[in-house]
1. For the structure I just gave you, tell me whether A63 is surrounded by fewer than 18 Cβ atoms within 10 Å (Cβ to Cβ), closer than 21 Å to I162 by Cα and hydrophobic (A, V, I, L, M, F, W, C).
2. Checking the condition modelled with pLDDT of 90 or more and part of a helix (DSSP H, G or I), which residue from A63, A38, A42 passes?
3. For the subset of the range 143-161 comprising residues that are under 14 Å from H131 (Cβ atoms) and of a type in the set (A, V, I, L, M), which member is surrounded by the most Cβ atoms within 10 Å (Cβ to Cβ)?
4. For the range 66-101, what are the residues that are without any contact (Cβ under 8 Å) to a residue 60 or more places away in the chain, among the charged types (D, E, K, R) and not in a strand (DSSP E or B)?
5. Looking at the structure I just gave you, is P141 over 18 Å from the mean Cα position of the chain (by Cα) and touching a residue at least 40 places away in the same chain (Cβ under 8 Å)?
6. Quick check: is even one residue across the range 6-28 polar (S, T, N, Q), assigned to a loop (DSSP other than H, G, I, E, B) and touching a residue at least 40 places away in the same chain (Cβ under 8 Å)?
7. Can you pull out every residue in the range 68-123 that is of a type in the set (D, E, K, R), buried (at least 16 other Cβ atoms within 10 Å of the Cβ) and more than 23 Å from E142 (Cβ to Cβ)?
Amino acid sequence: MSDLVAVVLAGGRATRFGSDKLSAMLGDAPLLFHAIRAARAAPVAKVIVVARPGLAIGEWAGAPPVEVVRLDSTALSETLKAGIAAAGSAEGAFVFLGDMPRIPHAVAGRLARAIGPAYAAMPRHAGRPGHPVLLSARAFPEIATLTGDEGAGRLLRRRADIVLEDCDDPAIHFDVDSPEDLASARNLARDAPSSASGPG
């Protein structure tokens, strides 16, 4: 696939965290910015961030450009549908989660090379699929049918044409739900170039 976009889902309210989780600092940047950096490292034409109103995104210079879609909904399905709708006629879309800050930057390129004609591609560590998920355009119409607080998992679990790319980094499973998780994130290795683009 050559015409790909990345979608970063950042629409939740972080009730378990107790405060504005995606704006909490992790190293040199807010938590969400690490997910955006991973998305920008993917082989994509643009990055789409679906965010709740009021969530600070910042200014991002350079390529690929970052497009922000505002959505006042906490339902995961609505956030995902908004991102996929914004993907338009792309051949596929990577789905990143805003609270997963340590996604190895090399993973997305491996998924793009591996997917071929499959419905989707996912990294796998220790037998478990993780993120990001690369959805082919064939998945887009079914994404539009999702409801409530469900992502693409139900659709993917019932299909046999999913490519699973083995990954040796457990960070493809790591998300931040609590302040303790945020502390743990500082100790996880990240396969990210030191020159990764950041907010301008």
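1. no
2. Within the list A63, A38, A42, the selection yields A38.
3. Out of the qualifying residues, it is A152.
4. If the condition is that a residue be without any contact (Cβ under 8 Å) to a residue 60 or more places away in the chain, among the charged types (D, E, K, R) and not in a strand (DSSP E or B), then D72 is the only one that fits.
5. no
6. no
7. Scanning the range 68-123 gives D99, R102, R110.
The values are calculated or read from the model by the stated rules, or taken from the named source; none is laboratory data. Remember, predicted model here, so these are calculated numbers, not experimental data. Positions of Cβ are backbone-derived with ideal geometry, glycine not excepted, and every protein chain shown enters the neighbour counts.
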